[in-house]
Structure formats: C-alpha cells, structure tokens
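Some notes on the structure that comes next.
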Amino acid sequence: MPQRRKIAVVAIGGNSLIQDKSRPDVRYQWDAVRETTKHIAQMVEEGWNVVITHGNGPQVGFILRRSELAAGEVHTVPLDIIGADTQGSIGYMLQQALSNELRKRRTARQVVTVVTQVLVDKDDPAFQNPQKPIGGFMEEGQACEFEGEGWNVVEDAGRGWRRVIASPIPRQIIELDAIRRLIEDDFVVVGVGGGGIPVVRNKKGELCGVYAVIDKDRASGLLAQGLHADLFLISTAVPQVAINFNKPDQKWLDLMTLPEAKQYLAEGHFAPGSMAPKIEAVIQFLEAGGPQALITDPRSIGEALAGRTGTWITPE
C-alpha cells in the first residue's frame, strides 16, 4: 500500500504578491508569483501534498476602486463577486506559474483552483465593528477622503492607512470535501483564496454572499484543521517571528510553544492586522489538534523546512 503523502496548507499573503508598493501592476505580481511558486514546487518535489491559500486584500481594493470610478458608466461590483474574481485571477496565476515550475522539474502533478465559499454567522459582531483592512496602503490625506465617502479607515501597523470592513469568524469551508478528494487524487489545490467568499444561510437554508471579507489566515487554519494537515505554513514578509519587533531589544524566535504563543499575543507583541492574526490562526490550529505550524517568508521556505530558519510553533 503506497505511503500517504504529508499534507501542508501553505498560506500566501496578498501583500506578498506586491513586493514594491510603487509597482502594483499585474506584470510585477507575476514576478512575485513565479518566485513564490519556485519554493512551493520544491515542497511538492519533496513529497508534500500542498494546498495553497492566498490573501487578496490589495487586489480587492484595486477592483473596488475601479468599480467606484466607473460607476457612472457601468454597474458596480458586489464585494462577494470581487472576492470570487480575485480567487479566479490569483488562482490562475498560481496554478500556471506552479504548473510551469513543476514541468521544469519533471514533476507530474496537476494544479487546480477551487472557488471556495466559507460560511459565517450572520449575527457575528464583526458586522457592527468593521476592522479588516482591504486595499492598498494610503497616506493620511487620501484616507481622510475615503472617510468622507463613508468608509471606515485605520492606521495599519505603522505601514500606512487602509480602508476596513467587517471580518466575521469563518465557521465552515463549504467546498472542504471537494478539496479533500482532489488532494487524495494527487492534485495540488489552490483554495480558500482571500479567506474564502463569505456566505450565510437564509431562512430557506440557501447560501447567500455577504458584504465582508474573511481573514485569510483564520480561514487557512480552519482548512488545515478540516484536512488534518501535518503542517500549517504561513508565508509572510519576514523570515521569522519576533518579539519586541522594531525595538532595541527585538528578538527573533526559532521556536515557540503554544503556551508561549498565547502569552506573547496577550502581551501585545504582535501587531493587529499584521502578525497577530497569523499567530491567532496558528493557536486555533494547534488547539484543535494540529501537530505543527511554521511562519517564514517565501524565499526561506526550503531553509525553514530544513530547520535552518523560520519560526516553528508546536503544541509543547
């Protein structure tokens, strides 16, 4: 009987696909995607069954702004449809780039994207208290203009200002069984893009999209739980997690236990909208029985899996 491949859920940040804020064009996003998929291809080559999730915050912001600017000429686009659009476009980029990279390595695996819905609670308090950043970073002056249009805006971890909307807690991956079957058939899957399209059930039990976005890391952690993944890997902008970040006593962490992660989070070491949701997602995964998680940047994935960098988080 063939040995079961280990499953890794690899979460890629939407901002990591835009490496230079002055060059957000799609051609530069392609460069970032091709670089990232080289490192994921290495995991596939080494025998991992990989499920890729991705953020879409900047991309949602671009589409939303185009829709606003064109409102006098064509219809506007609802946010759930924008989420679906970005799942298709970013998924297409990832599956093409990864397929090409696997072909170069003579690794016969097919990559497929699953447009994924994620169930949320229609009474989630987040709908009354929007805090999830979307779109690109702005200067304070532009943020004030958006605020004048009725948007909620916040300063995001010292990186600039962003618009915010509701971000309810993900409760169920609707297409989980489809993703699981694809993995069992040796497909590399791209799913739960942008945290998934947030949906609720109406009184008839039908699914309906809602005006919100779901945190990509939380949804990725929920997917990792549902797949009983052997590894939950979050790819972000830094090679390791740090406490006292950007302070004179900053300390990079090679290893964190679950109790330490909870302690550091409670002490405020991780910025909201930046590292905090990643640590929260890891905590949720480990508390649900997940064996291990890893946080690092895309180019360090291979070195981190070999134990030479990255921050590993374990139950104990």
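The values are calculated or read from the model by the stated rules, or taken from the named source; none is laboratory data. Just so it is clear, the structure is predicted and the values come from calculations on it, not from any experiment. Counting neighbours? That spans all protein chains shown, and the Cβs are built from the backbone with ideal geometry, glycine included. Calculation scope for accessible area: heavy atoms of the full protein, side chains included, ligands and nucleic acids excluded. Shrake-Rupley method; radii C 1.70, N 1.55, O 1.52, S 1.80 Å.
Just a few scattered comments:
- Residues satisfying the stated conditions in segment 179-203, i.e. surrounded by 17 or more Cβ atoms within 10 Å (Cβ to Cβ) and either of a type in the set (Ser, Thr, Tyr) or on the phi > 0 side of the Ramachandran plot (or both): 192, 194, 195, 196
- In the set (1) at pLDDT 95 or above; (2) touching a strand residue (DSSP E or B) at 6+ places or on another chain (Cβ under 8 Å); (3) surrounded by fewer than 16 Cβ atoms within 10 Å (Cβ to Cβ), the condition left unmet by residue 309 is number (3).
- Of the residues making up segment 230-253, those that are within 16 Å of the chain's Cα centre (by Cα), under 27 Å from residue 289 (Cβ atoms) and either of a type in the set (A, V, I, L, M, F, W, C) or not in a loop (DSSP other than H, G, I, E, B) (or both) are 231, 232, 233, 234, 235.
- Residue pairs meeting the criteria (Cβ under 6 Å; at least 6 apart or on separate chains; first without any contact (Cβ under 8 Å) to a residue 40 or more places away in the chain, in segment 271-292; second assigned to a loop (DSSP other than H, G, I, E, B)): 276/270; 279/270; 286/315
- Any hit, segment 204-221, residues being open to solvent by 40 Å² or more (accessible area, probe 1.4 Å) and within 16 Å of the chain's Cα centre (by Cα): yes
- Selection from segment 257-316 of residues that are closer than 26 Å to residue 41 by Cα, among the basic types (Lys, Arg) and in a helix (DSSP H, G or I): 278, 299
- In segment 144-172, residue most open to solvent (accessible area, probe 1.4 Å) [restricted to those that are outside any loop (DSSP other than H, G, I, E, B) and more than 24 Å from residue 217 (Cβ to Cβ)]: 145
- For segment 82-103, the count of residues that are in a helix (DSSP H, G or I), in contact (Cβ under 8 Å) with a residue 60 or more places away in the chain and in contact with a Phe, Trp or Tyr (Cβ under 6 Å, 6 or more places away or on another chain) is zero.
- Condition met for residue 131 (farther than 28 Å from residue 272 by Cα, surrounded by fewer than 21 Cβ atoms within 10 Å (Cβ to Cβ), in contact (Cβ under 8 Å) with a residue 12 or more places away in the chain and not small (Gly, Ala, Ser)): no
- Checking each residue in segment 61-81 for being free of Cβ contacts under 8 Å to residues at least 12 places away in the same chain and either open to solvent by less than 10 Å² (accessible area, probe 1.4 Å) or part of a helix (DSSP H, G or I) (or both) picks out 66, 68, 69.
- Just one of the listed residues (24, 58) is touching a residue at least 60 places away in the same chain (Cβ under 8 Å), in a helix (DSSP H, G or I) and either touching a helix residue (DSSP H, G or I) at 6+ places or on another chain (Cβ under 9 Å) or under 28 Å from residue 178 (Cα atoms) (or both), namely 58.
- Only one of 186, 124, 215 that is touching a residue at least 24 places away in the same chain (Cβ under 8 Å), of a type in the set (Asp, Glu) and touching a strand residue (DSSP E or B) at 6+ places or on another chain (Cβ under 7 Å): 215
- For segment 92-116, filtering for residues that are open to solvent by 50 Å² or more (accessible area, probe 1.4 Å) and either touching a Gly at 6+ places or on another chain (Cβ under 8 Å) or of a type in the set (Val, Ile, Thr) (or both) leaves 1.
- Criterion violated by residue 289 - all others in (1) on the phi > 0 side of the Ramachandran plot; (2) in contact with a strand residue (DSSP E or B) (Cβ under 9 Å, 6 or more places away or on another chain); (3) at pLDDT 95 or above satisfied: (2)
- Flag if residue 281 is touching a strand residue (DSSP E or B) at 6+ places or on another chain (Cβ under 6 Å) and either small (Gly, Ala, Ser) or at positive phi (or both): no
- Subset of segment 33-55 [surrounded by fewer than 20 Cβ atoms within 10 Å (Cβ to Cβ) and outside any helix (DSSP H, G or I)]: 46, 47
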